[in-house]
Amino acid sequence: QVQLVESGGGLVQPGGSLRLSCEASGNIVGINVMGWYRQAPGKEREMDATTTSGGITNYADSVKGRFTISRDNAKNTVYLQMNSLKSEDTAVYYCNAYFNVWGPKWGQGTQVTVSS
């Protein structure tokens, strides 16, 4: 079995920054795509950013230029650096990883609140 554990959420003022981390652990054989998704109250979960094991990244238009996804394959960890945060970025952020053996898995989520 494998699991994903997120950290780094919290309360931040508009214009501020946060860095989310997500570490995979367990019987990891390999991980293909890792990514970050958000779910705001009353809305569906949506993709913010993804990265392949080779470093190819993809971003939602709403976060381009503000968020940066990065990955440390040796640590099985993916990061999301979030800058210039807006109130509309308030959501629960979920880490997702596609494990070569186990398929897609989700973390438990971490709350990000952007408010003055």
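Take GLU46 and VAL5, extend 7 Å from each Cα along the Cα→Cβ direction, and tell me the distance between the two endpoints in nm.
3.1
What order do ASP61, ASP72, ASP89 take when sorted by accessible area (1.4 Å probe), most exposed first? Could the numbers behind the result be given before it?
Values: ASP61 125, ASP72 45, ASP89 5 Å².
Largest to smallest exposure gives the sequence ASP61, ASP72, ASP89.
How much length would be gained if the chain were fully extended between SER115 and ARG19, taking 0.36 nm per residue of separation minus their Cα-Cα distance, in nm to one decimal?
32.9 nm
Heavy atoms only, probe 1.4 Å: what % of the accessible area of the chain goes to carbon and sulfur, would you let me know?
Details: 2780 of 6050 Å².
Answer for the chain: carbon and sulfur cover 46 percent of the accessible area.
Give me the number: length gained by fully extending SER70 to TRP102, i.e. 0.36 nm times residue separation minus the C-alpha to C-alpha distance, one decimal in nm. If you can, show how the numbers build up before the last one.
Values: separation 32, 0.36 × 32 = 11.52 nm, distance 2.21 nm.
Length gained, SER70 through TRP102: 9.3 nm.
Can you give the accessible area per residue of the range 1-89, in Å², using a 1.4 Å probe? Each step should come with its number before you reach the end.
Numbers: 4780 Å² over 89 residues.
Solvent-accessible surface per residue comes out at 54 Å².
Return the loop-located trypsin sites (Lys or Arg not before Pro) in the range 5-43 (DSSP other than H, G, I, E, B) with at most 11 other Cβ atoms within 10 Å of their own Cβ; answer none if there are none. Walk me through the numbers before you get to the answer.
Details: sites: ARG19, ARG38, LYS43; in loops: LYS43.
Within the range 5-43, the qualifying trypsin sites (Lys or Arg not before Pro) (loop, at most 11 other Cβ atoms within 10 Å) are LYS43.
What does the net charge come to around VAL33 if you take all other residues with beta carbon closer than 13 Å to its beta carbon, with K and R at +1 and D and E at -1?
Working: positive: ARG71, LYS105; negative: none.
Taking every other residue near VAL33 into account, the sum is +2.
So for the chain, if I pair up every lysine 8 or more residues apart or on another chain, how many of those pairs have alpha-carbons under 21 Å apart?
Working: LYS43/LYS64; LYS43/LYS86; LYS43/LYS105; LYS64/LYS86; LYS75/LYS105.
Eligible lysine pairs with Cα atoms under 21 Å apart amount to 5.
Residue by residue, what Karplus-based ³J(HN,Hα) values in Hz, rounded to whole numbers, does the range 5-14 have, using 6.51, -1.76 and 1.60 with θ = phi - 60° and x for Gly and Pro?
10, 8, 7, x, x, x, 9, 9, 7, x
The values are calculated or read from the model by the stated rules, or taken from the named source; none is laboratory data. What you see is a predicted model; the values in this text were computed from it and never measured. FYI the Cβ positions are ideal-geometry reconstructions off the backbone, even for glycines, and counts take in every protein chain you see. Accessible surface is based on the protein model in full, side chains and every heavy atom, while ligands, DNA and RNA are left aside. Shrake-Rupley method; radii C 1.70, N 1.55, O 1.52, S 1.80 Å.
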